[in-house]
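Contents: one structure, followed by commentary.
The values are calculated or read from the model by the stated rules, or taken from the named source; none is laboratory data. Quick caveat, the model's predicted, so the values are computed rather than measured. All Cβ positions, even for glycine, are placed from backbone atoms using ideal geometry, and neighbour counts span all protein chains on display.
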Amino acid sequence: EAQVTQNPRYLITVTGKKLTVTCSQNMNHEYMSWYRQDPGLGLRQIYYSMNVEVTDKGDVPEGYKVSRKEKRNFPLILESPSPNQTSLYFCASSYLAGAGKETQYFGPGTRLLVL
Amino acid sequence: AQTVTQSQPEMSVQEAETVTLSCTYDTSESDYYLFWYKQPPSRQMILVIRQEAYKQQNATENRFSVNFQKAAKSFSLKISDSQLGDAAMYFCAYLSMNRDDKIIFGKGTRLHILP
(Lines give C-alpha, C1' and ligand atoms only; values in the text may rest on other atoms or scores of the structure.)
Protein backbone atom coordinates (compact mmCIF):
# COMPACT_ATOMS: atom_id res chain seq x y z
CA GLU A 1 0.00 0.00 0.00
CA ALA A 2 1.31 3.40 -1.02
CA GLN A 3 1.75 5.51 2.06
CA VAL A 4 3.65 8.12 3.99
CA THR A 5 4.43 7.18 7.57
CA GLN A 6 5.45 9.43 10.43
CA ASN A 7 6.76 8.57 13.85
CA PRO A 8 5.96 9.26 16.54
CA ARG A 9 2.31 10.22 16.16
CA TYR A 10 2.25 11.99 19.52
CA LEU A 11 5.14 13.45 21.46
CA ILE A 12 5.42 15.45 24.65
CA THR A 13 8.85 16.85 25.41
CA VAL A 14 10.55 19.64 27.32
CA THR A 15 12.25 22.76 26.14
CA GLY A 16 15.74 22.17 24.80
CA LYS A 17 15.60 18.39 24.47
CA LYS A 18 16.55 17.44 20.93
CA LEU A 19 14.03 15.37 19.04
CA THR A 20 13.55 13.84 15.61
CA VAL A 21 10.32 13.10 13.81
CA THR A 22 10.77 10.52 11.11
CA CYS A 23 9.03 10.46 7.75
CA SER A 24 9.17 7.66 5.24
CA GLN A 25 7.42 7.05 1.92
CA ASN A 26 7.28 3.90 -0.18
CA MET A 27 6.31 5.46 -3.52
CA ASN A 28 9.78 6.40 -4.78
CA HIS A 29 8.81 10.07 -4.70
CA GLU A 30 11.48 12.64 -5.34
CA TYR A 31 9.74 15.51 -3.56
CA MET A 32 9.20 15.51 0.18
CA SER A 33 8.07 18.28 2.46
CA TRP A 34 7.31 19.15 6.08
CA TYR A 35 4.44 21.37 7.19
CA ARG A 36 3.19 22.62 10.50
CA GLN A 37 -0.46 23.31 11.13
CA ASP A 38 -1.57 25.85 13.69
CA PRO A 39 -5.07 27.17 14.43
CA GLY A 40 -5.90 30.19 12.31
CA LEU A 41 -2.70 29.88 10.32
CA GLY A 42 -3.45 26.85 8.17
CA LEU A 43 -0.53 24.82 6.90
CA ARG A 44 2.87 26.40 6.58
CA GLN A 45 5.81 24.77 4.90
CA ILE A 46 8.94 24.26 6.99
CA TYR A 47 11.38 22.58 4.62
CA TYR A 48 11.20 20.66 1.41
CA SER A 49 13.47 18.41 -0.60
CA MET A 50 13.48 17.83 -4.32
CA ASN A 51 15.78 14.82 -4.18
CA VAL A 52 18.50 13.13 -2.18
CA GLU A 53 20.89 15.64 -0.61
CA VAL A 54 18.78 18.57 -1.92
CA THR A 55 16.86 20.51 0.70
CA ASP A 56 15.42 24.03 0.78
CA LYS A 57 13.76 26.29 3.31
CA GLY A 58 10.04 26.82 3.26
CA ASP A 59 8.12 29.61 4.96
CA VAL A 60 8.99 28.84 8.58
CA PRO A 61 12.36 27.04 8.77
CA GLU A 62 13.69 28.65 11.96
CA GLY A 63 14.36 26.15 14.69
CA TYR A 64 14.21 23.13 12.39
CA LYS A 65 16.64 21.01 10.43
CA VAL A 66 16.10 18.30 7.88
CA SER A 67 18.19 15.80 6.01
CA ARG A 68 17.66 13.69 2.91
CA LYS A 69 20.28 10.98 2.85
CA GLU A 70 17.95 8.43 1.30
CA LYS A 71 15.13 8.96 -1.14
CA ARG A 72 12.47 7.41 1.06
CA ASN A 73 13.29 9.20 4.33
CA PHE A 74 13.05 12.84 5.31
CA PRO A 75 13.43 13.35 9.06
CA LEU A 76 12.58 16.61 10.79
CA ILE A 77 14.98 17.56 13.56
CA LEU A 78 14.34 20.01 16.36
CA GLU A 79 17.74 20.64 17.93
CA SER A 80 16.43 22.69 20.85
CA PRO A 81 12.62 22.66 20.87
CA SER A 82 10.74 25.60 22.30
CA PRO A 83 7.08 25.95 23.30
CA ASN A 84 6.28 27.91 20.14
CA GLN A 85 7.05 24.75 18.19
CA THR A 86 4.08 23.03 19.75
CA SER A 87 2.05 22.15 16.70
CA LEU A 88 0.70 19.47 14.40
CA TYR A 89 3.30 18.40 11.86
CA PHE A 90 2.72 16.79 8.50
CA CYS A 91 5.11 15.15 6.12
CA ALA A 92 4.12 14.91 2.47
CA SER A 93 5.63 13.50 -0.72
CA SER A 94 5.02 13.52 -4.44
CA TYR A 95 6.67 12.88 -7.78
CA LEU A 96 8.67 15.76 -9.12
CA ALA A 97 7.76 15.31 -12.77
CA GLY A 98 5.48 13.35 -15.02
CA ALA A 99 1.99 12.09 -14.39
CA GLY A 100 1.00 12.33 -10.77
CA LYS A 101 3.50 15.03 -9.85
CA GLU A 102 0.74 17.33 -8.81
CA THR A 103 -0.63 15.13 -6.07
CA GLN A 104 0.92 15.27 -2.64
CA TYR A 105 0.47 12.35 -0.29
CA PHE A 106 0.31 13.30 3.36
CA GLY A 107 1.36 11.36 6.40
CA PRO A 108 -0.99 10.93 9.35
CA GLY A 109 0.49 13.84 11.29
CA THR A 110 2.55 14.17 14.46
CA ARG A 111 1.20 16.15 17.36
CA LEU A 112 4.03 17.74 19.32
CA LEU A 113 3.76 19.43 22.69
CA VAL A 114 6.81 21.25 24.00
CA LEU A 115 6.60 22.12 27.69
CA ALA B 1 3.59 35.70 -4.63
CA GLN B 2 0.64 33.40 -4.82
CA THR B 3 -2.01 33.49 -2.11
CA VAL B 4 -5.02 31.35 -1.33
CA THR B 5 -8.00 32.73 0.56
CA GLN B 6 -10.82 30.83 2.19
CA SER B 7 -13.20 33.45 3.47
CA GLN B 8 -15.45 31.11 5.47
CA PRO B 9 -13.75 29.91 8.67
CA GLU B 10 -16.79 27.74 9.53
CA MET B 11 -19.90 26.51 7.80
CA SER B 12 -22.80 24.26 8.69
CA VAL B 13 -25.10 22.24 6.50
CA GLN B 14 -28.00 19.93 7.14
CA GLU B 15 -27.42 16.28 6.41
CA ALA B 16 -28.40 15.37 2.81
CA GLU B 17 -28.27 19.01 1.72
CA THR B 18 -25.74 20.64 -0.59
CA VAL B 19 -23.04 23.02 0.56
CA THR B 20 -20.48 25.11 -1.29
CA LEU B 21 -17.12 26.09 0.16
CA SER B 22 -15.43 29.06 -1.44
CA CYS B 23 -11.80 29.59 -2.33
CA THR B 24 -10.10 32.37 -4.22
CA TYR B 25 -6.49 32.63 -5.16
CA ASP B 26 -4.11 35.14 -6.60
CA THR B 27 -1.47 34.31 -9.18
CA SER B 28 0.13 35.73 -12.26
CA GLU B 29 0.76 32.30 -13.69
CA SER B 30 -1.39 30.54 -16.26
CA ASP B 31 -0.47 26.92 -15.54
CA TYR B 32 -1.12 25.51 -12.12
CA TYR B 33 -3.04 22.95 -10.09
CA LEU B 34 -5.73 23.51 -7.52
CA PHE B 35 -6.75 21.10 -4.80
CA TRP B 36 -9.24 20.55 -2.06
CA TYR B 37 -8.01 18.56 0.91
CA LYS B 38 -10.16 17.18 3.71
CA GLN B 39 -8.88 16.87 7.25
CA PRO B 40 -11.25 14.84 9.44
CA PRO B 41 -10.90 14.62 13.24
CA SER B 42 -8.23 11.97 12.72
CA ARG B 43 -6.09 14.89 11.42
CA GLN B 44 -4.92 13.05 8.35
CA MET B 45 -4.92 15.11 5.15
CA ILE B 46 -6.91 13.48 2.39
CA LEU B 47 -7.01 14.68 -1.19
CA VAL B 48 -10.64 15.25 -2.20
CA ILE B 49 -10.34 16.63 -5.69
CA ARG B 50 -7.86 18.34 -7.99
CA GLN B 51 -8.14 20.57 -11.01
CA GLU B 52 -5.60 21.40 -13.68
CA ALA B 53 -5.86 25.03 -14.69
CA TYR B 54 -5.62 24.24 -18.40
CA LYS B 55 -8.74 22.10 -18.24
CA GLN B 56 -11.98 23.96 -18.75
CA GLN B 57 -14.11 21.10 -17.52
CA ASN B 58 -14.82 21.16 -13.80
CA ALA B 59 -13.46 18.18 -11.89
CA THR B 60 -15.93 15.80 -10.24
CA GLU B 61 -15.42 12.99 -7.74
CA ASN B 62 -18.67 11.32 -6.75
CA ARG B 63 -20.52 13.78 -4.50
CA PHE B 64 -17.73 16.36 -4.73
CA SER B 65 -17.43 18.79 -7.59
CA VAL B 66 -15.73 22.09 -8.19
CA ASN B 67 -16.69 25.32 -9.87
CA PHE B 68 -13.45 26.52 -11.40
CA GLN B 69 -13.57 30.09 -12.70
CA LYS B 70 -10.09 30.81 -14.01
CA ALA B 71 -10.68 34.43 -14.95
CA ALA B 72 -12.17 35.17 -11.56
CA LYS B 73 -9.51 33.04 -9.82
CA SER B 74 -12.18 31.19 -7.95
CA PHE B 75 -12.25 27.48 -7.06
CA SER B 76 -15.27 26.52 -4.97
CA LEU B 77 -16.08 23.02 -3.73
CA LYS B 78 -19.62 21.71 -3.83
CA ILE B 79 -20.59 18.78 -1.65
CA SER B 80 -23.89 17.19 -2.61
CA ASP B 81 -26.00 14.99 -0.36
CA SER B 82 -23.90 15.90 2.67
CA GLN B 83 -23.13 13.04 5.04
CA LEU B 84 -22.05 13.03 8.66
CA GLY B 85 -18.67 11.72 7.55
CA ASP B 86 -18.10 14.89 5.56
CA ALA B 87 -17.61 16.85 8.77
CA ALA B 88 -14.01 18.03 8.62
CA MET B 89 -11.68 20.92 7.99
CA TYR B 90 -11.34 21.58 4.27
CA PHE B 91 -8.26 23.20 2.78
CA CYS B 92 -7.97 24.75 -0.63
CA ALA B 93 -4.46 24.63 -2.11
CA TYR B 94 -2.54 25.95 -5.11
CA LEU B 95 0.50 24.47 -6.79
CA SER B 96 2.39 26.05 -9.65
CA MET B 97 3.33 23.78 -12.53
CA ASN B 98 6.81 25.17 -12.07
CA ARG B 99 7.90 22.57 -9.56
CA ASP B 100 10.25 24.99 -7.81
CA ASP B 101 7.24 26.57 -6.21
CA LYS B 102 5.73 25.18 -3.07
CA ILE B 103 2.12 24.26 -2.54
CA ILE B 104 0.17 27.12 -0.96
CA PHE B 105 -2.68 26.33 1.40
CA GLY B 106 -5.63 28.41 2.49
CA LYS B 107 -6.38 28.65 6.20
CA GLY B 108 -9.21 26.18 6.00
CA THR B 109 -12.98 26.02 6.43
CA ARG B 110 -14.45 23.89 9.18
CA LEU B 111 -17.58 22.16 7.94
CA HIS B 112 -20.22 20.95 10.41
CA ILE B 113 -22.91 18.50 9.34
CA LEU B 114 -26.17 18.86 11.24
CA PRO B 115 -28.17 15.65 11.65
Residue that is nearest to the other protein chains (Cβ to nearest Cβ) [pool: residues in the range A:39-51 that are surrounded by 15 or more Cβ atoms within 10 Å (Cβ to Cβ) and over 12 Å from the mean Cα position of the chain (by Cα)]
A:G42
Go through the range A:11-38 and give me each residue that's more than 12 Å from A:Q104 (Cα to Cα) and either more than 14 Å from the chain's Cα centre (by Cα) or acidic (D, E) (or both).
A:L11, A:I12, A:T13, A:V14, A:T15, A:G16, A:K17, A:K18, A:N26, A:N28, A:D38
Restricting the range A:10-31 to residues that are within 12 Å of chain B (Cβ to nearest Cβ) and outside any loop (DSSP other than H, G, I, E, B), the residue that is farthest from A:E79 (Cα to Cα):
A:Y31
From the list B:R50, B:R43, which one is free of Cβ contacts under 8 Å to residues at least 40 places away in the same chain and at positive phi?
B:R43
Of the criteria (1) within 16 Å of A:Q3 (Cα to Cα); (2) at pLDDT below 90, which one A:N26 fails
(2)
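Counting only residues that are within 16 Å of B:L111 (Cβ to Cβ) and crowded, with 16+ Cβ neighbours inside 10 Å, which one in the range B:62-71 is farthest from the other protein chains (Cβ to nearest Cβ)?
Once the filter is applied, the top-ranked residue is B:S65.
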Select the strands (runs of 3 or more DSSP E) contained entirely in the range B:1-45, then report the ones holding at least 3 residues which are surrounded by fewer than 17 Cβ atoms within 10 Å (Cβ to Cβ).
B:10-14
State all residues of the range B:76-115 that are away from chain A (no Cβ under 14 Å) and within 11 Å of B:L34 (Cβ to Cβ); if no residue qualifies, say none.
B:S76, B:L77
Enumerate the pairs (first residue in the range A:72-89 and within 14 Å of chain B (Cβ to nearest Cβ); second residue anywhere and buried (at least 21 other Cβ atoms within 10 Å of the Cβ) and of a type in the set (S, T, N, Q)) with beta-carbon separation below 6 Å, excluding pairs fewer than 6 apart on the same chain, so at least 6 apart or on different chains.
A:L88/A:Q37; A:Y89/A:T110
Across the range B:8-61, what is the total count of residues that are within 14 Å of chain A (Cβ to nearest Cβ) and of a type in the set (V, I, T)?
3
